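The values are calculated or read from the model by the stated rules, or taken from the named source; none is laboratory data. Bear in mind that the values here come from a model prediction, so they are computed numbers and not experimental data. Glycine gets a Cβ as well: all are built from the backbone with ideal geometry, and neighbour counts include every protein chain shown. With ligands, DNA and RNA removed, areas are computed over all heavy atoms of the protein, side chains included. Shrake-Rupley method; radii C 1.70, N 1.55, O 1.52, S 1.80 Å.
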Amino acid sequence: MTRLLFPCALVLLFTCGLQSQNEATVFGLVRDIDTKVPIEFATVYIKGSAVSAESNNYGEYTLPVPPGAPQVLVFSRLGYRETEVEVRAIPSGKKRNINIFMVPEASDVEVIIRASRIEDVGMVTEEVTELKKLPTASGNFESILPHIALGTSAGSGGELSAQYNVRGGNYDENLIYVNDFEIFRPQLIRTGQQEGLTFPNIDLIRDISFSSGGFESRYGDKMSSVLDIHYKRPETFQSSVAVNFLGASAHVEGSKRIGANSYNKLRYLVGARYKTTRYLLGSLDVDGEYAPDFTDFQTFLTYDITRNLQLGFLGNYNRSKYNFVPRSRTTATGLIDFSLQLTSLFEGREADVFTNGMGGVSLTYIPERERNPIFLKWMASGYGSEESETFDILGYYSLSQIETSLEGEGAVQEVAVLGTGTQHIFARNKLYSTIFNTELRGGIELQSSQNDNNHFLQWGVKYQSEEIDDRLNEWERLDSAGYSLPYNEEEVLLYNVIKSENTLTSSRVQAYFQDAWSVTAPNRYELRLTGGVRANYWSLNSQLAISPRFQMFYRPLKINPDITFKLSGGLYYQPPFYRELRRPDGSVNTDLEAQRSLHVVAGLSYDFPWEKISRKKFRLIGEVYYKKLNNLVSYEIDNVRIRYSGENDASGHVVGLDMRINGEFVPGAESWLNVSVLQARESLDGITHMKREVGASEAFDVSSVPRPSDRTVNVSLFFQDYLPKNKDFKMQLNLNFGSGLPFGLKDNNTVFRNTYRFKSYQRVDIGFSYVLWDESKRASKPFHAFRFARQASISFEVFNLLDVANVAANTWIKTIGNAQYAIPNFLTSRRINLRFKIDI
């Protein structure tokens, strides 16, 4: 475990330079173009000489080359096409990175070579092979993001939710794409318990890219982040089956020649998932009968009509059912000198159903051209959802002040009864949404004769239509000590009555254009400048939003080619979707304008060797950022439910620092460590905010208050290790720490806004996995029970290892004197999970 201390010290290493060397060197990675798996035993040699090297089992190679003269490198491997790469002259003592994807002999794909190109520092790109092993209670891919992405935290929903906050934003400020199709999600979900399976299926994912801000114009109109997912492009038949205490999943993939030519291939990915969280929910403080059932089916198909033209289809069907019959609850909270206990008995039930489906087709045209390659892609998709939320629950509660006896077994004694009464909540809510869109995008790379001064132009036009049909019927009745609240001598009044019917039809037109200009001065620097503009017009409020964006990346090859600097920013608009339009009383503000965020992001990436720990380089990424927020729609969060004001009534800012380090602290086992510090502030228009220090009677004015997503510090770690003499037995450690999120008094959260904080979120999940079988053992164990499979493994996981009582939200209890008490709703306690997976 002493290895865990090293990452913290590595923050200082980015100031270090490379050690001087007396010869020129070429190094890099060799991988399969289809599977992205490293290729070992690939031979790399200088054409016409005997100087050669061989890639290791990580696909890494290092080859000394004569300095000061151009060379031709040859990559060869049995079963792959031989590939030649021209290398410009390298000065003595310098290194050059050349990564190559090799093509199987049976494939029709062209060779892809990446030689020392600048990468987007903040656009974290990862394959999912190792990430599949991370133990998560939700089982959704988004639960992995806090461990690999900059400035990302799980939010108030904790381990039960797949929603995530990025750099002071909320859940609605994040873009998600799968194979260039934008993904939408349900609107009515209130709690993490209701959340089912999200769209991304980790069994189908090839790789992901994630940007926490300052992203390009080709991505859509959100203020915080973009997650760009690409599914596999399979060549051979493979499948997998996995089962555990929380559900099961299965997938198949492969390709089949359909047509007269070898390139007429149909490639298919099909995945199915089932999830039930009743085992986890049984550890909540509300005792009852939980019956959650979540199912998901999706497929991704492609067919190569010609060498230049490909047809694609992405389809998904998702259904979430959540049934709950509460019986009782006993929750204690407070300190030694003042402790409260809420005891409740319930009648009634909750039944929610969220059904959504998506289908999209694409046509991609990439003609064969020796120079200045171009592409065109047309896409069309439709999304439909039917959300039904129904509950009728009557709770009889008693709120008492308690003391714990210090003698005997520490029995709880009731000191005083602060309130008794009844809370009756009722809802019959339905939301239907239908979204259709079509998009045409294209690009051309204008190459110079020396390929050292290129322009990559991209553009796109998109039309989207939306239909929303919303039916709200919701109310709450409070009775304290025999008096209905709010109290009236003549009639019984209900509390928080919302009854409305809203039907909206609108359309959006979006367009973008950008140019990425790459300049390379051999042995001096590499520079990439990306500038673009994005436009969005919405028919409902007749607003046209123009969003200019830029990025600059600079790599000083002469000083240190392993360092890349970044500066990016722009004006990011977020036109409202339906949830932002709806006020707390259920009415809709059709004049609501887009929220604005001015981004400025500066950062660096440093790849450095740490030979005592691993042969593979480590990567350190650091970014500082500032976001100026205007035209905000203020909101409050209750668990994962966002309640907007429906007005452009706030402004604010976010400033912070994100750092991430990843590498093989144990050789052959990748690990990640993320540390984030931020301040997210806001102020409501026309309100003079005030603050009262603890124990003080006088309040004072403040210029701003914390936003609901103001998580000051967030630390996440994913660490892997294995037995020294048996790499088949691995340990995966998942650690999360987040300082408490702010909240305010219910229905009185304006002047003294968000003055309180939940306690910090602390969670450790640990998993132990053992590879029962791997196809590499076929020769030594020809009669093994799993010899038909590629791999079989079993995992034992412990969720919430330290059994920390984290808080998701509050239950508010009122007395007849209108005094309010916040009783925390705790998340899940310690649970174990057993998982079995087989890959065929």
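With charges only on Cβ, +1 for K and R and -1 for D and E, what is the dipole size of the chain about its Cα centre, in debye, rounded to 20? Walk me through the numbers on the way to the answer.
On the way: 90 positive and 97 negative charges, 571 e Å.
Roughly 2740 debye for the chain.
Return the FRET efficiency for the residue pair residue 264, residue 129: r is the Cβ-Cβ distance, R0 is 30 Å, and the value is rounded to the nearest 0.05. Each step should come with its number before you reach the end.
Working: r = 30 Å, r/R0 = 1.00.
Step by step, r from the Cβ atoms, then E = 0.50.
Accessible area per residue of the chain at 1.4 Å probe, in Å²?
On the way: 36200 Å² over 840 residues.
Ligands and nucleic acids excluded, the result is 43 Å² per residue.
Need the full-extension length gain, residue 327 to residue 777, defined as separation in residues times 0.36 nm minus the C-alpha distance. One decimal, nm.
Values: separation 450, 0.36 × 450 = 162.00 nm, distance 5.30 nm.
Fully extending the segment from residue 327 to residue 777 adds 156.7 nm.
What Kirkwood Rh does the range 598-646 have if only Cα atoms enter the pairwise 1/r average? Answer in Å. Don't skip to the end; give the middle numbers.
Numbers: mean 1/r = 0.0667 Å⁻¹.
This gives a value of 15.0 Å.
Taking R0 as 30 Å, what's the FRET efficiency between residue 207 and residue 768 from their Cβ-Cβ distance, rounded to 0.05? Numbers along the way, then the final one.
Values: r = 27 Å, r/R0 = 0.89.
After rounding, the FRET efficiency stands at 0.65.
Roughly speaking, what is the stretch gain from residue 404 to residue 832, that is 0.36 nm per residue apart minus the C-alpha to C-alpha distance, in nm to one decimal?
151.0 nm
For the range 580-714, what class follows from the C-alpha gyration tensor (a ≥ b ≥ c being the square roots of its eigenvalues): rounded when a/c is under 1.5, otherwise prolate if a/b is larger than b/c, else oblate?
Details: a/c = 2.72, a/b = 2.07, b/c = 1.31.
Cα axes put the range 580-714 in the prolate bin.
Roughly speaking, to the nearest percent, how much of the chain's 1.4 Å accessible area is carbon and sulfur? Spell out each step's value before the answer.
Numbers: 20300 of 36200 Å².
Ligands and nucleic acids excluded, carbon and sulfur give 56 percent.
Among all the aspartates and glutamates, which ones have a C-alpha under 12 Å from residue 617's C-alpha, if same-chain residues fewer than 8 places away are not counted?
Hits, sequence-local ones excluded: 60, 562, 607, 664, 670.
For an R0 of 25 angstrom, estimate the FRET efficiency from the Cβ-Cβ distance between residue 494 and residue 287 and round to the nearest 0.05.
Rounded to the nearest 0.05, the efficiency is 0.35.
Give the average over all directions of the projected area of the C-alpha convex hull of the range 386-472, one decimal, in nm².
Numbers: hull surface 64.6 nm².
Convex hull of Cα atoms, orientation-averaged projection: 16.2 nm².
Residue 265: which aspartates and glutamates have alpha carbons under 17 Å from its alpha carbon, excluding same-chain residues fewer than 8 sequence positions away?
Within the straight-line cut-off, residue 265 pairs with 34, 105, 108, 110, 235, 253, 304.
Just one of (1) 183; (2) 164; (3) 275 is volume of the Cα convex hull per residue in Å³ calculated from these coordinates, so which is it?
Recomputing volume of the Cα convex hull per residue in Å³ here gives the entry labelled (1).
Mind jotting down the distance between the C-alpha centroids of the range 257-327 and the range 697-770, whole Å?
30
Apply the a/c threshold of 1.5 to the C-alpha gyration tensor of the range 718-834 and tell me whether it is rounded, prolate or oblate.
Numbers: a/c = 4.78, a/b = 3.65, b/c = 1.31.
Prolate, since a/c reaches 1.5 and a/b exceeds b/c.
Would you work out which of 767, 751, 717 lies farthest towards the positive end of the dipole of the range 704-840, given +1 charges on the beta-carbon of Lys and Arg and -1 on that of Asp and Glu, about the Cα centre?
Farthest towards the positive pole: 767.
Going down the table (133/781; 275/430; 275/777; 275/837), which pairs top 27 Å between alpha carbons?
Values: 133/781 25 Å; 275/430 24 Å; 275/777 33 Å; 275/837 15 Å.
The pairs that break the limit, which is 27 Å between Cα atoms, are 275/777.
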